[in-house]
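Enquirer: Encoded as structure tokens, here's the structure I'll be asking about.
Please treat every number below as a calculation from the coordinates, not as lab data. Only a predicted model underlies this, so the values are computations on that prediction, with no experimental measurement involved. Note that each Cβ is placed from the backbone with ideal geometry, even for glycine, and that neighbours are counted across all protein chains shown.
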Amino acid sequence: MIILGFSFMLACNESPYMQGKRLYVANCQNCHMEDGSGLAKLVPSLQESALLGSPVIACIIKNGIQDTIRNDQTFLVKEMPAFGKLSATEITNITNYINHSWYKNFKETNITEIESALKNCP
């Protein structure tokens, strides 16, 4: 009985995407912050990203992104590094964690969907 209660308490403390969270903390949190809020104008917020729920996220995680935006009279270069060493499984875990955390229309993504997205990256 005590073991069952202890197991239940452990299960309640775990989010459904712990591996994705661990990978997010190791690879993404430094810039996008623990709560996904980003760094003002330097790093975009994941909380409000139009890319949430899109397979494009897998391509951005794997290949990075570089973009130039106009800010008043200046241009800012925004760059996200590539995480090319991450496997499709790891990208699936991160994607599910991000979408579960900040996408209101969350639907779990499976590895087949991520592998397909990675094959079709622009």
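Enquirer: So how much slack lies between S15 and K78, counting 0.36 nm per residue of separation and subtracting their Cα-Cα distance, in nm?
Expert: Gain in length upon complete extension: 19.6 nm.
Enquirer: Note the full-extension length gain between A26 and E113 as 0.36 nm times their separation in residues minus their Cα-Cα distance, in nm to one decimal.
Expert: 29.0 nm
Enquirer: Label points 7 Å out from Cα along the Cβ direction at E48 and N63: separation in nm?
Expert: 2.7
Enquirer: If the cut-off is a Cα-Cα distance under 20 Å, which lysines reach K41, setting aside same-chain residues fewer than 8 apart in sequence?
Expert: The qualifying lysines are K78.
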